[in-house]
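The values are calculated or read from the model by the stated rules, or taken from the named source; none is laboratory data. Keep in mind that what you see is a predicted model, and the values were worked out from it rather than measured. Here the Cβ positions follow ideal geometry from the backbone for every residue, glycine too, while neighbour counts run over all protein chains shown. Ligands, DNA and RNA are stripped out before the accessible areas are found, and what is left, the full protein with its side chains, is counted by its heavy atoms. Shrake-Rupley method; radii C 1.70, N 1.55, O 1.52, S 1.80 Å.
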Amino acid sequence: MECAPHVWRPYCQHETAPPPLPVVGAHGCRLHLSDGRELVDGIASWWTAAHGYNHPHIRARVSAQLATLPHVAFGGLANEPAYTLAKRLVGMMPAPLSRVFFVESGSVAVEVALKMSLQSFANRGESQRRKIVCFEDAYHGDTLATMSLSDPVSGMHRAFTGTGVDAVHLPLPVDANLTLSNDVAAVIVEPLSQCAGGMRFHGAEVLRRLRRACDDSGALLIFDEIATGFFRTGARFAMGTAGVTPDIVTLGKALTGGTLPLAAVVASDAVFDKFLSSRTEDALQHGPTYMGNALACAAAHASLDLFERADYTQLVKALSNKLESRLRPLAAKNDVTDVRVLGALGVVEMKRGTAPQAAAFAERGAFIRPLRLAHADVVYLAPPLVIDDTDLDVLATALGSTL
Ligand SMILES: Cc1ncc(COP(=O)(O)O)c(C=O)c1O
């Protein structure tokens, strides 16, 4: 397979980066390279491939959908997989989360959650509520508004400071309550684990404090569960573990089991009601071309079937224990500053600039891509949730011997 030089790659310094690894197939937890090598995927294609690759059930449902209706516009038309998926997602959510808006990527889902928040206040004559409170070490996406919510110091979006929404960056309220001013429209947080901003974990008390602060001030609480959702941190959703219900939640990544791009924003009845009036301009002003794509929704149904067929809570609990016992000894290695595990996330934090390159892990049969932040290098495992002991051993051994 030839990797032509016309592709502009993600987060890539083309001047110095090695060529990408050409993948010609993937099964279970393994990526098959064109030179015949197999790598165990330690990060499940950015945490999407929860059930492993090329699962026959997802393949069958997508193939059947492809043969009948791959896509039809969502404006004025309905397709069955999207409408039944919305019902199914709402069935998994605590009340009053009940209205689903489909988009094609996580970043756009966060954009829509922000638009819902700002417009819901504007529709009721409260346009002074423009501020969005977000947190240090957060990551919410790569579009202009979502970049402005990500950490301006440690994140990768420093060149864009000053663009996007009116964001207020605060430390997470780990040991003190938070008071919000009455110009705050919404507070957004990745519940229990901030992921791409450094794989940092926090407790449920932080989320309870945020809920109280929003209730006291009238601001909306948004949980960005794009990374944490679908058992990555243990329970189906982090909000379930925490026992805190937001006003809006964003979902993506493992929703389709890593097969097709789909994300969703689920809002409460109260948020939805703010858009009801006799004026057309009060309607939510958003509608992407591939919204509610039937193929992607069929893949999501298949992924949800699989989540229902097995006990993923137990699966992740067992995986978590294994990650803990395999990674904990790495705390003694040079340059390692912290080892932590939450659910199916195993993290080895290292001094800045000391993490090995992905190629060093690949030589040992593992695909692992450290996060390189301003304050640290973060080597992490977020494998398919179904990974078996043999493949986990490949990852852990590669990590241990490379560090
Ligand atoms: C918490 C969170 N929000 C939003 C996004 C953006 O999702 P996407 O890459 O699908 O745009 C990500 C991606 O890593 C994420 O982890």
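Structure above, values below:
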{"read-out": "Residue count, segment 203-223 (criterion: crowded, with 24+ Cβ neighbours inside 10 Å and touching a helix residue (DSSP H, G or I) at 6+ places or on another chain (Cβ under 6 Å))", "value": "5"}
{"read-out": "Some residue of segment 36-53 being buried (at least 16 other Cβ atoms within 10 Å of the Cβ), farther than 20 Å from residue 261 by Cβ, touching an Asp or Glu at 6+ places or on another chain (Cβ under 8 Å) and outside the structural domain of residue 291 (by TED's automatic domain parsing)", "value": "yes"}
{"read-out": "Residue in segment 184-193 that is open to solvent by less than 30 Å² (accessible area, probe 1.4 Å), more than 16 Å from the ligand (Cβ to nearest atom) and of a type outside the set (Ser, Thr, Tyr) present", "value": "yes"}
{"read-out": "Breaking point among (1) of a type outside the set (D, E, K, R); (2) out of contact with any helix residue (DSSP H, G or I) (no Cβ under 6 Å at 6 or more places or on another chain); (3) part of a loop (DSSP other than H, G, I, E, B), for residue 286", "value": "(2)"}
{"read-out": "Total residues in segment 234-288, condition away from the ligand (no atom under 16 Å from the Cβ), of a type outside the set (Lys, Arg) and touching an Asp or Glu at 6+ places or on another chain (Cβ under 9 Å)", "value": "6"}
{"read-out": "Helices (runs of 4 or more DSSP H) completely within segment 2-119 that count 1 or more residues being within 22 Å of residue 366 (Cα to Cα)", "value": "44-47"}
{"read-out": "Members of segment 273-298 found to be out of contact with any Pro (no Cβ under 9 Å at 6 or more places or on another chain), surrounded by 12 or more Cβ atoms within 10 Å (Cβ to Cβ) and not basic (Lys, Arg), listed by number", "value": "273, 275, 277, 282, 283, 284, 286, 287, 288, 291"}
{"read-out": "Checking residue 324 against (1) in contact with a strand residue (DSSP E or B) (Cβ under 7 Å, 6 or more places away or on another chain); (2) buried (at least 22 other Cβ atoms within 10 Å of the Cβ), the condition it does not meet", "value": "(2)"}
{"read-out": "Segment 328-344, subset touching a helix residue (DSSP H, G or I) at 6+ places or on another chain (Cβ under 7 Å) and farther than 27 Å from residue 262 by Cβ, residue surrounded by the fewest Cβ atoms within 10 Å (Cβ to Cβ)", "value": "330"}
{"read-out": "Residue match in segment 301-313 (condition: in contact with a Pro (Cβ under 8 Å, 6 or more places away or on another chain) and surrounded by 12 or more Cβ atoms within 10 Å (Cβ to Cβ))", "value": "yes"}
{"read-out": "Hits in segment 333-348 - residues which are touching a residue at least 60 places away in the same chain (Cβ under 8 Å) and under 25 Å from the mean Cα position of the chain (by Cα)", "value": "340, 342, 343, 344, 345, 347"}
{"read-out": "Segment 203-223, residues that are within 15 Å of the ligand (Cβ to nearest atom) and in contact with a Phe, Trp or Tyr (Cβ under 9 Å, 6 or more places away or on another chain)", "value": "207, 223"}
{"read-out": "Condition broken by residue 121, with the remaining ones in (1) open to solvent by 40 Å² or more (accessible area, probe 1.4 Å); (2) away from the ligand (no atom under 15 Å from the Cβ) satisfied", "value": "(1)"}
